[in-house]
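Data block below; observations after.
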Amino acid sequence: MAADAAEKARGKRAALSFAAVALVLGLPLWWKTTETYRASLPYTGISALGSLRFQLTVPVAVVFAKGALPGAQWRRLPFADTQEEESLLNPKTSVTARYETTYRGATATEQAALAMATVQEADAALLPLQEDLVGALTVYVIPETSLLLPQGVGVYVGKHRSAVMRGTQGPGDVLAAISARVQQIVQAMSFTTDSITTALSDRVPMDQLGTDTRRPFKSSLGYEITFSLLNPDPKSHDVHWDIEAAVNSYVQPFLDKLGSVANFSVDSQILYYAVLGVSPRFDKASSSFILSALSLPHVINPVEARLGSSATSLYPVLNFLLYVPERVHSPLYIQDKDGAAVGTNAFHSPRWGGIMVYNIDHPAPDKAPLPLRVDVDMVRVMEVFLAQLRLLFGISQVPLPEEFLLESPGNKGLSDWELDRLLWTRTVENIATVSTTLTSLAQLLDKIGNIVIKDDVASEVYHAVASAQTAMLELASGHLGSAFQASKEAVTSSERAFFDPSLLHLLYFPDDQKFAIYIPLFLPMAVPILLSLVKILREAKQSKKEPMKTD
Amino acid sequence: MAGAGAAVLGLLLLLGSPGGSTGPPRDSLREELLLSPLPSGDLAATFQFRARWDSELHREGVSHYRLFPKALGQLISKYLVRELHLSLTQGFWRTRTWGQPYLQAPAGAELWVWFQDSVTDVDKAWKELSNILSGIFCASLNFIDSTNTVTPTASFKPLGLANVTDHHLLRYAVLPREVVCTENLTPWKKLLPCGSKAGLAVLLKAERLFHSSYHSQAVHIRPICRDASCLSVSWELRQTLTVVFDTFSVGQGKRDWSLFKMFSRTVTEACPLASESKIYVDISSKTQENELLEVTPLPLSVHEAPVQGDRRTYAVYDLLSPSLFNVSRSLNVQLKWKRPQDSLDLSTPVLHAQRYVSGYGLQTGEISTLIYNTHPYRAFPVILLETVPWYLRLYVHTLVITTKGKENKPSYIHYQPAQDRRRPHLLEMLIQLPANSVTKITIQFERALLKWTEYTPDPNHGFYVSPSVLSALVPSVIAMKAEDAEQNPLFTSLFPSSDGSSYFVRLYTEPLLVNLPTPDFSMPYNVICLTCTVVAVCYGSFYNLLTRTFHVEEPSRGGLAKRLANIIRKVRGVPPL
């Protein structure tokens, strides 16, 4: 009987040790060998990026010319002053605008420049005296009686990063009045809450946005600009355009200026027999054909099939189409919603490009042999396309009070402060994009266990997080240029990590198939172990009960 | 005013001014259709569209396209391509019965590209280029990788202007499995300036084109001389499409045909952008065997040209001449045979070849290639290029070349052995073909076992071996004089002719289909199940042995059988067990 019990105990121990080996050795070994490789990722950094608290610092220098400020005020003038303005876009996003204003008197050279005959000359003379820092602004305050600004103009916004404003004279707090005005100028020249909201449109509820916010192209590292001439009727029109010269003289200077924001490539093509998707309506009164605003959305799709996407790059394409209507459909005019003809005869489509209809004067059919040679007036066309290009990049005019005088940006098509405006919004947008990309990557990894993260992908993620943090810090310290560069790097790295093909390598390995393979091994091994464990448990319970019974 | 400008421009070009960037780059388009009755009674229609652009594509910055398609232009300037030749073919050109083709292409997809010498990483550029082309033409060119790409040393020379012939800049690949269909034709048609809206391209109706014995479409891009002095470069894009119609089945047993019968369309106008738009009909047999056939409407002119070593006569319809559409609004070229053609002399072409796999079993095999030279008295050399995938392991020591029962030693041989899963075999040979002879080339191979993931979805269909390529300068029957290439019909001018006495021919043999030993594909799962079972059985008995407790059993009343036996015994009156 004793030998029997010993034998029983040995059997129990053996079963238990089998279970122990399977649990301690087998399970971890199986787990380790079938695990998908995943390098460690900066999850805390990513979740920290999830809530974006932007602090945008604009360094502003206010320079008072001689006589712009009464002596008493001059003594009360602080050396520096900081104003903050916080706006909360959503619980996870807030923007704090911080204006770091320094006040000083004009130096002798600045004084000389401000004494020039015209404000344009003064602007040019003042340029070398300013700090050459992207995003930094200088406001010159001149005496109210100065003749530098024309009559009725209170503020002159120059080509570069400076503005000249007329001081106010009076019994009240001159300084307060001036600083309120400076604030207005600085907002116009850097960013407003609206422009930042537009940039963060993905994170803001739809109803808070205006209609124009969906118009500009998303921030990207590069853009392809394609000018296409559509000639649906080559039998009657032999259309020529000197696009090369037009691009060189109108578009290229503008793009050179934008060169720090993104890479651009420009090309053009002529497409024959490319027709619009809708047939225009004939209007008897004006004996012309009319394309109503309602039918414009249907115009683009059939044309786009012919445009062809860019074969060699993945950047978004901006299309500008010049449409020369067929002989039987000309002249062709675009009507707006109210039924009035559109002056430019052009329209643009948000985040896609623009279309302009170019009508041709037809001489009497018997006079000119077909096809009629047509040379496109490129100045007229490029004016429209350039305006559309500015709109699509989000360089729109800021609504300004009447007494503001804006200097025309010259042949560059873009002034320095407009570029800065673009950089502010683009930097914010880039950081928001990085945050979205990395957060979705983290969520995806959390949800799908089969995604592999290789070391190089992980290093891209680390780099993206670090660059985004740098960009935030640089924004807070007022270095717009370096902040933008850092945000660009962050976008590149995060996109590269998110779209890395190695992420998908093991994605098609569903759990049911995995278990179909493992069951033939697991079932015969697990069943005896489990059964004997159950038996042992039952016996243990019984042996606990038995002493009670014998008592 | 414009005329004066053009005159000034012309003057500048005449002077050969290098800074001739005064006007926009000129470009021109020529289109032509060649209809040639084949000796077998079928009809071959060859379309050629040539866009020529007097511009330098390899420059930085802005690019402006007119007739030249933007997609291809960007490709060339981005990847620094010197020459690009892509063909997509359905069916096989039967050289023996159809004669020498004007443009031959292997079945499936073929791509060969010469890069500029400024390209640093040719393999990377080749990979990206083939991926982009695959997108443009909706073809599976993305399957081109190092296992089917070769760098031939002698077979493929640049067809255009080239001063670099370093073959390391060349890449060549064939995908014999590729099936060509409408989805490949549509993007090809889109590259034409007139699309399929006007000109000869109106005839390209997919449902007719693919209802044929042979369909081959190609794109050839190459730099050519801008003028006779050849000081500057122009780019030429040639889009060609060859289709062979079986006239017997279409025309109810008659060999007569018309444009409408074949394409179910007629030509109404030339493409307004084309500077030349012509239809050529091969009527050579008319002159030979007087008045055998008749073409209507009457051709406006007749063109005689030496083509492929033979003098041929073509009826020419110039779509740009106003008199053509005077009588009727559309042109429907018709050809009628006056006498029923029973005995057609199938004049076999000078050079043709055939290839097959022999051997039995799934271990070894033999590839045999037969090359025929039917020229009565001239011998000529031919370059043979064989590309064999790595899973057929060639034994080069078994290479035997025999002509007329004697061994024929190749005068040049270049062999690059395969590397498993990395690159294919490449075998190039220069073989002298004696007059009126058959040369047989055999080489043995062993079939490799693939990994189970490397098999195609239908492994029992077999694995394709790409066609071998024969390039030769074939002596011509008649003397040809060198003419200005610009004036010639397009179909004569893609391949350069070295001198008057011979002409260049490139032939492709049949692609081969080889069966590889295919495993049972449920095998991995079976193996898993079997091993698991074995493991489970061993483990189970081991476990049993270790955990079972043995104790002496008291004799008991026994089981069911014993009790049953006892009941029976009781009934019988026998003492129980």
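The values are calculated or read from the model by the stated rules, or taken from the named source; none is laboratory data. Everything quoted here is computed from the prediction, not taken from an experiment. Positions of Cβ are backbone-derived with ideal geometry, glycine not excepted, and every protein chain shown enters the neighbour counts. Note: accessible area is taken over every heavy atom of the protein model, side chains too, but ligands, DNA and RNA are not part of it. Shrake-Rupley method; radii C 1.70, N 1.55, O 1.52, S 1.80 Å.
When residues in segment B:437-466 are screened for being hydrophobic (A, V, I, L, M, F, W, C), open to solvent by less than 60 Å² (accessible area, probe 1.4 Å) and under 15 Å from B:Val514 (Cα atoms), 6 of them pass. The listed residues are A:Pro297, A:Pro325, and the only one of them that is more than 12 Å from chain B (Cβ to nearest Cβ), more than 22 Å from B:Ile136 (Cα to Cα) and open to solvent by 30 Å² or more (accessible area, probe 1.4 Å) turns out to be A:Pro297. Considering only residues that are modelled with pLDDT under 85 and touching a strand residue (DSSP E or B) at 6+ places or on another chain (Cβ under 9 Å), look in segment B:59-79 and name the one that is nearest to B:Ser275 (Cα to Cα). Here the residue is B:His64. Looking at A:Ala540, A:Ala516, A:Ala490, just one residue is part of a helix (DSSP H, G or I), open to solvent by less than 60 Å² (accessible area, probe 1.4 Å), closer than 30 Å to B:Tyr543 by Cβ and more than 12 Å from chain B (Cβ to nearest Cβ), and that residue is A:Ala540. Condition check: under 26 Å from B:Tyr65 (Cα atoms) and not in a loop (DSSP other than H, G, I, E, B). Does A:Asp361 satisfy that? The answer is no for A:Asp361. Of the set (1) at pLDDT 85 or above; (2) part of a loop (DSSP other than H, G, I, E, B), all apply to B:Pro25 but (1).
Table: residues versus (1) modelled with pLDDT of 90 or more; (2) open to solvent by 10 Å² or more (accessible area, probe 1.4 Å); (3) over 30 Å from B:Ser212 (Cα atoms).
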| position | (1), (2), (3) |
| --- | --- |
| B:Ala51 | yes, no, no |
| B:Glu56 | no, yes, yes |
| B:Ser87 | yes, no, no |
| B:Arg96 | no, yes, no |
| B:Pro106 | yes, no, no |
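For segment A:8-45, the candidate set comprises residues that are of a type in the set (S, T, N, Q) and open to solvent by 100 Å² or more (accessible area, probe 1.4 Å); within that set, the residue that is nearest to the chain's Cα centre (by Cα) is A:Thr44. For segment B:223-248, a residue qualifies if it is β-branched (Val, Ile, Thr) and closer than 19 Å to B:Leu192 by Cβ, and the qualifying residues are B:Thr240, B:Thr242, B:Val243.
Just one of the listed residues (A:Ser532, A:Ser487, A:Ser482) is hydroxyl-bearing (Ser, Thr, Tyr) and out of contact with any Leu (no Cβ under 9 Å at 6 or more places or on another chain), namely A:Ser482.
Within segment A:493-510, does at least one residue satisfy the condition of being open to solvent by less than 60 Å² (accessible area, probe 1.4 Å) and within 14 Å of chain B (Cβ to nearest Cβ)? Scanning segment A:493-510, I find no residue that is open to solvent by less than 60 Å² (accessible area, probe 1.4 Å) and within 14 Å of chain B (Cβ to nearest Cβ), so the answer is no. Looking for whichever is within 28 Å of the chain's Cα centre (by Cα), open to solvent by less than 60 Å² (accessible area, probe 1.4 Å) and farther than 30 Å from A:Leu49 by Cα here; the options are A:Val174, A:Val157, A:Val139. Which one fits? It is A:Val157. Could you grab me the full set of residues in segment A:124-136 that are in contact with an Asp or Glu (Cβ under 7 Å, 6 or more places away or on another chain) and either open to solvent by 40 Å² or more (accessible area, probe 1.4 Å) or more than 15 Å from A:Val62 (Cα to Cα) (or both)? Result: A:Leu129, A:Val134.
Evaluate segment B:350-373: report whether one residue or more is outside any strand (DSSP E or B), open to solvent by 30 Å² or more (accessible area, probe 1.4 Å), closer than 30 Å to B:Glu294 by Cα and not aromatic (Phe, Trp, Tyr). No; the residues of segment B:350-373 include none that is outside any strand (DSSP E or B), open to solvent by 30 Å² or more (accessible area, probe 1.4 Å), closer than 30 Å to B:Glu294 by Cα and not aromatic (Phe, Trp, Tyr). Would segment A:91-105 turn up any residue that is open to solvent by less than 40 Å² (accessible area, probe 1.4 Å), in contact with a Ser or Thr (Cβ under 8 Å, 6 or more places away or on another chain) and not hydroxyl-bearing (Ser, Thr, Tyr)? Yes, there is a match, as at least one residue in segment A:91-105 is open to solvent by less than 40 Å² (accessible area, probe 1.4 Å), in contact with a Ser or Thr (Cβ under 8 Å, 6 or more places away or on another chain) and not hydroxyl-bearing (Ser, Thr, Tyr). Only residues that are in a strand (DSSP E or B) and surrounded by fewer than 16 Cβ atoms within 10 Å (Cβ to Cβ) were counted in segment A:50-80, giving 2. Selection of segment A:453-469 for residues being surrounded by 15 or more Cβ atoms within 10 Å (Cβ to Cβ) and either of a type in the set (Asp, Glu) or in contact with a Ser or Thr (Cβ under 8 Å, 6 or more places away or on another chain) (or both) yields A:Lys454, A:Val457, A:Ala458, A:Glu460, A:Val461, A:His463, A:Ala464, A:Ser467, A:Ala468. Taking segment A:215-292 as the region of interest, the strands (runs of 3 or more DSSP E) fully inside it that hold 1 or more residues being open to solvent by 20 Å² or more (accessible area, probe 1.4 Å) and touching a Ser or Thr at 6+ places or on another chain (Cβ under 8 Å) are A:263-272, A:281-283, A:288-292.
Considering segment B:499-515, and only residues there that are hydrophobic (A, V, I, L, M, F, W, C) and surrounded by 18 or more Cβ atoms within 10 Å (Cβ to Cβ), the residue that is nearest to the other protein chains (Cβ to nearest Cβ) turns out to be B:Val514. Condition test on B:Leu273, is it in the same structural domain as B:Ser258 (by the TED database), in a loop (DSSP other than H, G, I, E, B) and modelled with pLDDT of 85 or more? Answer is yes for this residue. Does at least one position in segment B:166-177 carry a residue that is among the β-branched types (Val, Ile, Thr), part of a strand (DSSP E or B), under 30 Å from B:Gln416 (Cα atoms) and in contact with a helix residue (DSSP H, G or I) (Cβ under 8 Å, 6 or more places away or on another chain)? No, that holds for no residue.
Number of residues in segment B:517-547 that are more than 11 Å from every other protein chain (Cβ to nearest Cβ) and either hydroxyl-bearing (Ser, Thr, Tyr) or under 26 Å from A:Gln513 (Cβ atoms) (or both): the value is 6. Being under 21 Å from A:Arg327 (Cβ atoms) and of a type outside the set (S, T, N, Q) is a property that holds for A:Ile290. Listed here are the strands (runs of 3 or more DSSP E) enclosed by segment B:36-121 that have at least 2 residues being under 30 Å from A:Pro234 (Cα atoms): B:43-53, B:81-90. Scanning segment A:392-414 finds no residues that are without any contact (Cβ under 8 Å) to a residue 60 or more places away in the chain and touching a strand residue (DSSP E or B) at 6+ places or on another chain (Cβ under 7 Å). Would a scan of segment B:211-223 turn up a residue that is farther than 26 Å from B:Arg329 by Cβ and within 14 Å of chain A (Cβ to nearest Cβ)? Yes; the residues of segment B:211-223 include at least one that is farther than 26 Å from B:Arg329 by Cβ and within 14 Å of chain A (Cβ to nearest Cβ).
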